Amino acid sequence: MTYKTKFTRLLALCMLAGLYLSQTVAAQAPATHDEEIHKMVNEVSADNLRTLVEKMVSFETRHSLSSTTDKKRGIGAAREWVKSEFEKYAKASNGRMTVDMDRYTVKGDGRRIPQDVEMANVVATLKGTDPNDDRVIIVAGHLDSRATDVMDAKSKAPGANDDASGVAIVMEMARVMASRQFPATLVFVAFQGEEQGLYGSRHMAERVKKEGWNLVAVLNNDIVGNSYSAEMGIHDNTRVRVFSEATPSNETEEQARLRRTLGSENDGPSRNLARYMKMTGEAYVDQIEVVLGYRPDRFLRGGDHTPFNQQGYAAVRMSEMNEDFDHQHQDVRKENGKQYGDLTEFMDFEYLRKNTAVNLATMANLGRAPHAPEKVGVLTANLTNKTDLKWDAPAKGKKPAGYYILMRETSSQTWDKKFFVKDTKVTLPYSKDNYFFAVQAADELGHTSLPVLPVPVRQ
Ligand SMILES: [Zn+2]
């Protein structure tokens with residue numbers, strides 16, 4: 001047999017296999033891109049982000065224990081300014097965006113909080129357009145800053161990168177998204193009290209739990225605007241990290257037993273939110289790779305996503321690829337001709353623009369998606385080399401146009417194959433012993449819910 005014949009036969013075989021697959025599982029798949037998300041991504045401006053960060057730096061310090069009454073300096077003035085900016089953006093929302101200063105008292109602990117202090121998160125809420133959709137998505141950064149000594153509320157603490165960069169992401173997204181329609185409710189937050197002990201995020205996570213929000217995702221942004229590590233000589237603005245916990249912090253004993261049986265320790269909701277961010281971000285934003293950090297945060301460190309994880313919510317943290325510790329948690333000073341301090345001049349606003357766009361694409365795609373499918377199960381009644389999956393259509397939100405079944409080998413890090421079906425069940429010609437599966441609901445424009453892993457069911 002000639003090489004050419006061999007090739008033709010192989011091609012024919014592949015086509016046959018493709019036909020078989022399309023007849024068994026594939027329906028007409030929805031579009032994969034939403035033009036309006038592309039438009040929003042293109043509206044994110046590096047110049048705006050720079051202006052926002054420079055303004056935050058101009059308050060000289062945003063330490064959580066700094067002045068709340070000074071009109072120009074300190075956390076109080078900074079909070080008021082964020083609020084007034086949110087109010088400007090809200091004008092384009094036709095009354096759907098509301099702005100609050102969510103105040104709370106932190107008790108003195110004799111350590112990072114010497115005595116009782118009032119703090120506040122600045123919150124802009126863009127109410128969902130579908131009254132039948134109760135999902136909430138949060139994007140956040142922290143407004144407070146610090147100097148070398150975490151108790152020093154007097155010295156300059158510009159906090160350009162930590163974390164005016166994260167708050168600038170939140171603000172720029174609120175500006176671009178305010179006039180747009182999303183069935184889910186989007187919440188934009190500038191937390192306070194992060195450096196003193198995650199107080200703002202803990203306050204909000206507890207409130208969310210108490211009020212029973214259907215919070216489906218938290219995107220936390222902290223230290224996201226520098227692309228240069230002088231220490232390593234690395235300059236790279238094409239990669240960004242997203243950290244996620246592997247398994248839920250509040251996992252029950254029963255859930256842990258099932259996880260050990262299935263080997264699904266790499267598939268907690270936060271981990272799959274991180275994968276969603278990678279898939280969506282990279283689909284809409286050029287020249288950025290989302291690197292999945294398979295730990296809850298950087299080594300021995302935590303952030304404002306942590307209290308949400310502890311309350312059982314899917315929450316991830318975005319951070320730049322190469323941190324620069326000469327310009328983080330450092331007094332502004334010169335030593336041997338070298339400049340220290342978290343200053344705007346060490347930031348890369350083109351990098352921050354791309355990171356903003358990744359957050360925006362993720363929030364927009366999820367905010368426009370149907371609710372996730374319910375009661376997702378994999379049938380275990382028969383020993384078979386095929387996989388039978390079934391689920392219920394979501395009870396709330398928009399009606400899905402269909403469902404994506406995601407599949408990957410058990411050793412793969414990201415979903416590497418997907419099938420589209422209109423029904424709420426499918427038989428795939430792949431063994432459940434050799435792959436992980438998950439199911440997402442999708443609308444006709446391809447907006448997808450977060451994936452849900454199946455649990456074993458008898459029938
Ligand atoms: Zn920070």
Condition met for Glu409 (open to solvent by 20 Å² or more (accessible area, probe 1.4 Å) and in contact (Cβ under 8 Å) with a residue 12 or more places away in the chain): yes
Qualifying residue in the stretch 437-450 (condition: surrounded by fewer than 20 Cβ atoms within 10 Å (Cβ to Cβ), modelled with pLDDT of 95 or more and among the small types (Gly, Ala, Ser)): no
Residue that is nearest to Val139 (Cα to Cα) [pool: residues in the stretch 377-390 that are at pLDDT 95 or above, open to solvent by 10 Å² or more (accessible area, probe 1.4 Å) and not basic (Lys, Arg)]: Val378
Given (1) touching a Leu at 6+ places or on another chain (Cβ under 7 Å); (2) part of a strand (DSSP E or B), index of the condition Met363 fails: (2)
Candidate set from the stretch 152-174 (those that are over 23 Å from Met277 (Cα atoms) and within 15 Å of the ligand (Cβ to nearest atom)); member that is farthest from the chain's Cα centre (by Cα): Ala157
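If I ask for residues that are more than 12 Å from the ligand (Cβ to nearest atom) and farther than 30 Å from Lys334 by Cα, which ones from the stretch 133-151 would you list? Walk me through how you get there before you give the answer.
Taking the stretch 133-151 as the starting set, the residues that turn out to be more than 12 Å from the ligand (Cβ to nearest atom) are 133-139, 147-149, 151.
Asp133, Asp134, Arg135, Val136, Ile137, Ile138, Val139, listed by residue number.
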Residue list for the stretch 376-427, restricted to those being within 29 Å of Asp133 (Cβ to Cβ) and among the polar types (S, T, N, Q): Thr414, Thr424
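I need the full set of residues from the stretch 112-127 which are touching a residue at least 24 places away in the same chain (Cβ under 8 Å) and either more than 15 Å from Ala174 (Cβ to Cβ) or acidic (Asp, Glu) (or both), in order please. Show your work before the answer.
The initial filter retains those residues of the stretch 112-127 that are touching a residue at least 24 places away in the same chain (Cβ under 8 Å), namely 112-114, 117-127.
Hits for the stretch 112-127 are Arg112, Ile113, Pro114, Val117, Glu118, Met119, Ala120.
Give me a count of the residues in the stretch 239-269 that are part of a helix (DSSP H, G or I) and free of Cβ contacts under 8 Å to residues at least 40 places away in the same chain.
Kept after step one, since they are part of a helix (DSSP H, G or I), are these residues of the stretch 239-269: 253-262, 269.
Going one step further and asking which of them are free of Cβ contacts under 8 Å to residues at least 40 places away in the same chain, we end up with 253-257, 259-261.
Residues meeting the conditions: 8.
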The stretch 175-190 - residue that is open to solvent by 10 Å² or more (accessible area, probe 1.4 Å) and farther than 20 Å from Val316 by Cβ and, of those, nearest to the ligand (Cβ to nearest atom): Arg175
Residues of the stretch 246-279 classified as open to solvent by less than 20 Å² (accessible area, probe 1.4 Å) and in contact with a helix residue (DSSP H, G or I) (Cβ under 6 Å, 6 or more places away or on another chain), total: 1
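Quick one: would you say Asn221 is surrounded by 14 or more Cβ atoms within 10 Å (Cβ to Cβ) and either away from the ligand (no atom under 16 Å from the Cβ) or more than 17 Å from the chain's Cα centre (by Cα) (or both)?
Numbers: surrounded by 14 or more Cβ atoms within 10 Å (Cβ to Cβ): yes; either away from the ligand (no atom under 16 Å from the Cβ) or more than 17 Å from the chain's Cα centre (by Cα) (or both): no.
In short, no.
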Residue satisfying all of: in the stretch 293-311; open to solvent by 40 Å² or more (accessible area, probe 1.4 Å) and more than 12 Å from the ligand (Cβ to nearest atom); nearest to Asn214 (Cα to Cα) among these: Gln311
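The values are calculated or read from the model by the stated rules, or taken from the named source; none is laboratory data. Keep in mind the model is a prediction, meaning the values are calculated, not measured. Using ideal geometry, Cβ is built from the backbone for each residue, glycine included, and neighbour counts are taken over all protein chains shown. Side chains included, ligands, DNA and RNA excluded: accessible areas come from the protein's heavy atoms. Shrake-Rupley method; radii C 1.70, N 1.55, O 1.52, S 1.80 Å.
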